[in-house]
1. Specify whether the C-alpha gyration tensor of region 198-319 places it in the rounded, prolate or oblate class, a ≥ b ≥ c being the square roots of the eigenvalues: rounded for a/c under 1.5, otherwise prolate if a/b is larger than b/c and oblate if not.
2. Would you mind working out the magnitude of the charge dipole of region 2-316 relative to its Cα centre, with +1 at each Lys and Arg C-beta and -1 at each Asp and Glu C-beta, to the nearest 20 Debye?
3. Read phi for every residue in region 20-28 and hand back ³J(HN,Hα) as whole Hz from Karplus 6.51 cos²θ - 1.76 cosθ + 1.60, θ = phi - 60°, with x for Gly and Pro.
4. Pop out the ³J(HN,Hα) list for region 170-175 in order, Karplus 6.51 cos²θ - 1.76 cosθ + 1.60 with θ = phi - 60°, rounded to Hz; leave Gly and Pro as x.
5. Amide H of residue 174: which non-local residues (sequence gap of 5 or more, or other chain) have their own amide H closer than 5 Å, using H built in the peptide plane?
6. First select every other residue whose beta carbon is under 12 angstrom from the beta carbon of residue 47; then total the charges, Lys and Arg +1, Asp and Glu -1.
7. How about residue 279: which lysines have a C-alpha closer than 21 Å to its C-alpha, ignoring those fewer than 8 places off in the same chain?
8. Please turn the phi angles of region 211-216 into ³J(HN,Hα) values with the Karplus equation 6.51 cos²θ - 1.76 cosθ + 1.60 (θ = phi - 60°), one per residue in order, whole Hz, x for glycine and proline.
Amino acid sequence: MSIGDLMISNRLIMAPMQQNHGSAEAYATDYHINHYTKRAGSIGLIIIESTAVSKNGRLYPDDIGIFTDKHTEPLKRIVDSVHEEKTPIFIQLSHGGRKSHPKVTEKMVAPSPIPFDDRYGTPNEITIPEIKEIIADYRNAARRNVEAGFDGIELHAAHGYLLHQFLSPLSNQRSDHYGGSVEKRSNIVLEILEAIRSEVGYQFPLQIRVSASDFTEDGLRSTEVAKILKILEQYLDAVHVSAGGLLPIKPLATPEGYQVPFAAIIKQYVNIPIITVGKIDNAKIANYILTEELADFISIGRPLLNDAEFAKKLLLGDE
């Protein structure tokens, strides 16, 4: 199975998960080298944690970034170490928007001045020039990603961060080019994908992570997200389907594989590989998902944090 032109040795992917071990300047550290290298080898693909494209878009004070050329070399050390284990590695590019951490954000921006919750406060409505600056930040991050040697990019448009904020009508109440209809709410993501492709070309793997549900009646639903993805699909090689994060609410229940149905719905609408995620922690459910063609790849999160050998055990049927 492949993502774009990149062959993946198996269907297991390490999900991007914040480690909160970056330096004060958002540089990757030796911790990250050790963390990702320990989990390489058996896993088909590693996607590193959310990496800020803008200084004002960091999710945490101790996360990592790629918003200056100086950030490239520390990331390259991660890539080189993981490549020694014959494992491909993607970077996840993000901007927090209204969920950027107040301690490291001089000016918090969002599509509309609607707060996530009291902890973050009310964001400033982003201006058109600021949108263009952020698109340029993504373009520059894509260039640095190539220089660092990553094998692909995941664009983070899920979990309530900036791009998700634009996509959802709950957080985007604009009436200009970037708000209103599904098509207009998708414009910033479309322009970012175009900017990334202008740097990396069309042979370089590029995927997107989306939240297929806002877990509330008036928010995004899987069918609307599928419509958005049809607009974006021309630029994409895969879709990583998650859910939630836009509002400070959680689903009433999170049983085993609870997000798989979202992926299965999205898979009916697009013609690129689908990655599913969410409490997939044993071989039985993993095999069922793949056998029934509910998704093409399985993304594993917390089990890999708890046990660096989890992927190997899952492939052997020991989990």
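Only the coordinates and a few stated rules stand behind these numbers; no lab work does. In this text the structure is predicted, and so the values were computed from the model without any measurement. Every residue, glycine as well, gets a Cβ built from its backbone with ideal geometry; the counts of neighbours run over all protein chains shown.
1. Because a/c hits 1.5 or more and a/b fails to exceed b/c, region 198-319 counts as oblate.
2. 280 debye
3. 6, 10, x, 6, 4, 8, 6, 8, 5
4. 6, 10, 10, 10, 6, 10
5. 180
6. Numbers: positive: 39, 209; negative: 49, 151, 154.
Overall, the nearby charge balance is -1.
7. Straight-distance partners of residue 279: 250, 267, 312, 313.
8. Using θ = phi - 60°, the values come out as 9, 7, 7, 8, 6, 8 Hz.
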